[in-house]
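Participant: The structure under discussion is supplied below as structure tokens; questions concerning it will follow.
The values are calculated or read from the model by the stated rules, or taken from the named source; none is laboratory data. Keep in mind it's a predicted model, so treat the numbers as computed, not measured. Reconstructed Cβ throughout: ideal geometry from the backbone, glycine too, with neighbour counts over all protein chains shown.
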Amino acid sequence: MKKCIQIISLFLLIMAAQAANAAINVFACEPEWGALAKDLGGDKVNVFTATNALQDVHHIEAKPSLVSQLRKADLLACTGSELEIGWLPVLMRQANNAKLQAGKPGNFEAAHYVKMLEIPSRLDRADGDVHPGGNPHIQTDPRNIAKVGEALAQRLAEIDAANATFYQDRHKDFAQRWQLAMKRWETQAAPLKGVAIVVQHKGFPYLEDWLGLNEIATLEPKPGVEPTSSHLSEVLTQLQSQPAKMVIRAAYNSDRPSQWLSEKAKIPAVALPFTVGGSERAKDLFSLFDDTVQRLLDGAK
Amino acid sequence: MFKPKLMVRAVALTFLLPLAAQANDSEEMEKLRAELQEMKQSYEGRIKSLETRLQQTETVAGDAAKTAESAAVQASARPTASNAFNPDISLILSGTYANRSQDSDYHITGFQAGGEIGPGSRSFSLGESELGVYANVDHYFYGGLNLALAPDNSVGVEEAFIQTTALPYGLTLKAGRFFSGIGYLNEQHAHTWDFVDNPLAYQAFLGNQYGDDGLQLKWLAPTDIFLEVGAEVGRGRIADTEGRDKNGSSATSLFAHVGGDVGVSNSWRAGLSYLQVSPENRESNDLDASNTFVTNSFTGKSKVWIADAVWKWAPNGNGTNTSVKVQGEYLHRSEDGTLNTDDYSASQSGWYVQGVYKFLQEWRTALRYDHLDAGTVNYGLNTAGLADTNYNPQRISWMLDYNPSEFSRVRLQLSRDESRQGVTDNQVFIQYQMSLGAHGAHKY
């Protein structure tokens, strides 16, 4: 009986501790949205980022620790467009957090706020890992970050109405700094316009759209399918008649296929951070694009 | 807006002005100046109004573009179709070829197992295909049906349940037919297993896999460490028995799971479960003392304890190319009741440990060892026909599978099965498992 009381009082203590901590708990599926939530929410939010830049967000283990974090979250900030379909639904069903169900303010999908590219005209698994809603790697275009930032600030203000002006002010400040930074990146990246590139995974259509890069080949024969040696030699042959300046991969991709092509075709292999934490320098959203543009410029030299 | 006549006059005036100055006709000059001033003012006014209008038009056009873009975003993000509300449908197609050195009179020496167990029939067989239909019912419930299509043309309802999605305090209530939350492997569907078959301990004590008709209440603790506690009541449909036709429940289970991460590369889960069930006429195959194949029938009380643990590793948590999974479970069952017509009691245990190693994006290999401990068995008056052999069955299995995508798998498994005393069954399985339809998300 005494033990029982001890246990119950321990639980009450835990609950009380949770209630005292009034900050909004944000569960970010990807590092870029975690960083954005921190930029917009400051000390009014506790951000948990479920994945890191060295993981392939298509394939994440539905770990017990993620269930616990989802249970206490007030806001779920994810890319959507079925990027997380292999792991998030099963976590959601275990955590059963009513605030985060689809349609609730606590469920935020970034892909709803940007113009999606590469929306497939037909859906067939024979085409590889295609996403019916369009290519989900939207974070490689800073113009998308700006749009999602505006929507996320609004959402934070909706969930935490008491601090609405706080989020709006922070967003105003962020948006101003972001616009200036975009101008800088665009000026720096001007020489990249029209530059021919090869990509390992179809993860960069938004970056290409922003900077005017010209993707001429992919190392994966189909999205999500491991590069085969026959397909790699096809790409190599293609490069003889249609040369590219560099081959690009994301930090989480295996470096072997792009290294192979780099050696054979004598073009640099460029590993882009892809998201916050994907390189030593990419510590936040600003340095993510500083580093991305710099690496591309170095590759195009 | 622009009057061409006025324009011509203005232009003419501009050119004529120097000439007019030369003429030095002051009166004419004054007149001209005044006219010019008037025209200038009038033009300035017009230009200003034009500029304002242009600005307005630009703003409207910008808004229109914005609206168009947001409409495009909306349209792309939410594809609409008449079947948009159809549930997720997934079909698992599976087929097996089995080659074995022994016949199919399968039983586990000294264990009253019950249920559909064993390595199945030899040669080609359909394996177990599964049809699953799942969806949110509304803002309070989620529901699903999973049909198992067996090679003998029978269809079994493996799962048919509803569960809440919006209860407060981390509570979830599930009702219907579902796999019990006890242990680690019990809740997992056959197509997610790492081997063709389930561990011997599951076959001996749970009739392969324990699913029941009943209720389950789970509570997820509001802690950083994963802690889940659950309780179930049911009719007790264990090992192909019907469950009891009586008021109240014939099966109760309790389970708790804890889990967490160690660094970014490791994650784990461990659990403890207890199941108490009262099977009626649970039929199990056996060999009697005169080596005759018999079917025993057990009615009584059965208590099962399970301890389970699983640990997973992947470099930086990225399991695309390399990962390791190690899992083990220990099961103990004590039974008390009647076997055939006489008293029977037993206290037996079993365990398995297995490791899966993914060494390339598309390839995995795994090793598993199964062991059962005969423990103590009291056959009562059955002793005349059934002898207590003290035999400890064991099995070792190795598998290699090739996964061209997350939707397809082809597997080779070799097993050395010593479930039967004095008989070694060398087994070769070749299996395919394909998943069609909705993208499945796999449990930890």
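Participant: Looking only at the stretch B:102-117, which residues are of a type outside the set (A, V, I, L, M) and at pLDDT 90 or above?
Facilitator: If the condition is that a residue be of a type outside the set (A, V, I, L, M) and at pLDDT 90 or above, then B:GLN102, B:TYR106, B:HIS107, B:THR109, B:GLY110, B:PHE111, B:GLN112 are the ones that fit.
Participant: Kindly indicate whether B:ASP212 is part of a loop (DSSP other than H, G, I, E, B) and within 30 Å of B:GLY110 (Cβ to Cβ).
Facilitator: Against the criterion (part of a loop (DSSP other than H, G, I, E, B) and within 30 Å of B:GLY110 (Cβ to Cβ)), B:ASP212 does not qualify.
Participant: So for the stretch A:248-257 (the condition being out of contact with any His (no Cβ under 6 Å at 6 or more places or on another chain) and in a helix (DSSP H, G or I)), does at least one residue qualify?
Facilitator: yes
Participant: Working only within the stretch A:29-52, note down all residues that are in contact with a Gly (Cβ under 7 Å, 6 or more places away or on another chain) and over 28 Å from A:LYS172 (Cβ atoms).
Facilitator: A:ASN52
Participant: Then there is this: Can you tell me which residues in the stretch A:78-89 are of a type in the set (Gly, Ala, Ser) and more than 7 Å from chain B (Cβ to nearest Cβ)?
Facilitator: Once the filter is applied, which keeps residues that are of a type in the set (Gly, Ala, Ser) and more than 7 Å from chain B (Cβ to nearest Cβ), the stretch A:78-89 yields A:GLY80, A:SER81.
Participant: Scan the stretch A:81-93 residue by residue and report those that are in contact (Cβ under 8 Å) with a residue 12 or more places away in the chain, surrounded by fewer than 22 Cβ atoms within 10 Å (Cβ to Cβ) and of a type outside the set (A, V, I, L, M, F, W, C).
Facilitator: A:GLU82, A:GLY86
Participant: Which one is nearest to B:ALA314 (Cα to Cα), of the residues in the stretch B:226-281 that are among the small types (Gly, Ala, Ser), in contact with a Gly (Cβ under 8 Å, 6 or more places away or on another chain) and within 14 Å of chain A (Cβ to nearest Cβ)?
Facilitator: In this case the residue turns out to be B:SER265.
Participant: Continuing with the same structure: Residue by residue through the stretch B:154-203, note down the ones that are surrounded by fewer than 16 Cβ atoms within 10 Å (Cβ to Cβ), hydroxyl-bearing (Ser, Thr, Tyr) and within 14 Å of chain A (Cβ to nearest Cβ).
Facilitator: The answer is B:TYR169, B:THR192.
Participant: Of the residues in the stretch A:121-142, how many are surrounded by 15 or more Cβ atoms within 10 Å (Cβ to Cβ) and either assigned to a helix (DSSP H, G or I) or out of contact with any His (no Cβ under 7 Å at 6 or more places or on another chain) (or both)?
Facilitator: Keep residues of the stretch A:121-142 that are surrounded by 15 or more Cβ atoms within 10 Å (Cβ to Cβ), which gives A:125, A:129-131, A:133-142.
From the residues that got through so far, the ones that are either assigned to a helix (DSSP H, G or I) or out of contact with any His (no Cβ under 7 Å at 6 or more places or on another chain) (or both) too are A:125, A:130-131, A:133-142.
The number of residues fulfilling the criteria is 13.
Participant: Next up: Take B:ASN316 and tell me if it is in a helix (DSSP H, G or I), within 25 Å of the chain's Cα centre (by Cα) and either away from chain A (no Cβ under 14 Å) or surrounded by fewer than 17 Cβ atoms within 10 Å (Cβ to Cβ) (or both). So that I can check it myself, show each step before the final result.
Facilitator: Values: in a helix (DSSP H, G or I): yes; within 25 Å of the chain's Cα centre (by Cα): yes; either away from chain A (no Cβ under 14 Å) or surrounded by fewer than 17 Cβ atoms within 10 Å (Cβ to Cβ) (or both): yes.
Answer is yes for this residue.
Participant: Which ones in the stretch A:54-77 are within 17 Å of A:PRO136 (Cβ to Cβ), more than 9 Å from chain B (Cβ to nearest Cβ) and touching a helix residue (DSSP H, G or I) at 6+ places or on another chain (Cβ under 9 Å)? Don't jump to the end; show me each part of the working.
Facilitator: Applying the first criterion (within 17 Å of A:PRO136 (Cβ to Cβ)) to the stretch A:54-77 yields A:55-60, A:76-77.
Adding the requirement that they be more than 9 Å from chain B (Cβ to nearest Cβ) leaves A:57, A:76-77.
Across the stretch A:54-77, the qualifying residues are A:LEU76, A:ALA77.
Participant: Here's a follow-up. Look at A:LEU272 and say whether it is over 22 Å from B:GLY319 (Cα atoms), modelled with pLDDT of 95 or more and buried (at least 17 other Cβ atoms within 10 Å of the Cβ).
Facilitator: no
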